[in-house]
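Input: a single structure, listed below in structure tokens.
The values are calculated or read from the model by the stated rules, or taken from the named source; none is laboratory data. Being a predicted model, the structure only gives us computed values, none of them experimental. Cβ placement follows ideal geometry from the backbone for every residue including glycine, while neighbour counts extend to all protein chains displayed. What goes into the accessible areas is simple: the full protein's heavy atoms, side chains included, and nothing from ligands, DNA or RNA. Shrake-Rupley method; radii C 1.70, N 1.55, O 1.52, S 1.80 Å.
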Amino acid sequence: LKYAIQGAGAWASGGATNTGIDAGGYCGIQTAAMYFGGRGGAPITTAVDTSETYNGTAWTETGDLPTGVYQNAGFGTTTAAVSRGGMHTGNVPTTNTFEWDGTSWTAGGAGVNSSRNIHGTGTQTAGLVAGGSPGPYSSKSETYDGTSWTETNGLIAARWGLPLVGTSTAALGVGGTGAPDVGTTTVQEWDGTCWSTNAASLNEGKITAAAAGTTTLALQYGGYGGGGSTVVTGSTESFNGTSWSVVGSLATARSGIMGGQSSPNSVAVAFGGAPNPASPAATGATEEYNDPILSVKTFTAS
């Protein structure tokens, strides 16, 4: 007979990115994460082509994207990633897809719909993106096979900034923003064919948050506060497959935050974002979330 004592999850500081960045594509796990594109500078109005990888301790600059882009979707790993969509500095949404092979970026198959404020999940040869804008809120959903994109059945409710977790056949769309520009608590679920509404809702609707995990063990963090608030938050919620609960907050509250969406909900990473949207300047702050099992006890008969 065994029992386990679950520890209280908390965020701790990690190594900072070399470039302060927000609203870029991202992928990976806590010990092998990556961002590409986004907005840099102060104010953060310029699309960048920067790309960096994280090994759990420090960030390393890698080969740049072919062009600067922000509010782009990301998915995959640090050796096989995809950047999809987003906007160039001229505020024009794009269908561009770029693939990373661990050394350099090259062009992939163009998306069906041009979009920004879009998120993705999955692998380089089995990816999923959903939501975004213009529209101003899109319900579009597409899958990628490593060569070309296919439009699928759309979201139940149109969203932009909809963080995705899971795979191309089993995913969650966690919150996101709906009309009129207010974060929603609704969670949408993808089964490989259709989207449906998950029975478990978030405790707070947030804008430009990030998420990590799977359809049964997920984490959502950062963004703007709910109810139309423009105040950034470090609020974090954890999903156990049945319900969402509030856990330890980020030390640095921020919007446009990024992370490793393939991380388990107990071992996540968050990086970048804008701590002060009223006078936006991107941060390179990185935080690591750990929710350890403190001990496992074994009982024996005597």
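In table form, for the structure just shown:
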{"quantity": "Residue count for the range 222-258, restricted to those that are in a strand (DSSP E or B), surrounded by 18 or more Cβ atoms within 10 Å (Cβ to Cβ) and out of contact with any Pro (no Cβ under 9 Å at 6 or more places or on another chain)", "calculated": "7"}
{"quantity": "Every residue from the range 12-70 that is among the acidic types (Asp, Glu) and out of contact with any Phe, Trp or Tyr (no Cβ under 6 Å at 6 or more places or on another chain)", "calculated": "22, 49, 61, 64"}
{"quantity": "Residue satisfying condition, being surrounded by fewer than 19 Cβ atoms within 10 Å (Cβ to Cβ), of a type in the set (A, V, I, L, M, F, W, C) and at pLDDT 95 or above, within set 199, 268, 218", "calculated": "199"}
{"quantity": "Failed criterion for residue 155 (all others in (1) open to solvent by 10 Å² or more (accessible area, probe 1.4 Å); (2) within 29 Å of residue 283 (Cα to Cα) hold)", "calculated": "(2)"}
{"quantity": "Test: residue 281 is open to solvent by 10 Å² or more (accessible area, probe 1.4 Å) and over 20 Å from residue 172 (Cα atoms)", "calculated": "yes"}
{"quantity": "Matching option when the condition is over 18 Å from the mean Cα position of the chain (by Cα) and of a type outside the set (Lys, Arg), among 215, 193, 208, 184", "calculated": "193"}
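Conditions (1) modelled with pLDDT of 95 or more; (2) open to solvent by 40 Å² or more (accessible area, probe 1.4 Å), marked per residue:
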site	(1), (2)
6	no, yes
16	yes, yes
22	no, no
48	no, no
53	yes, no
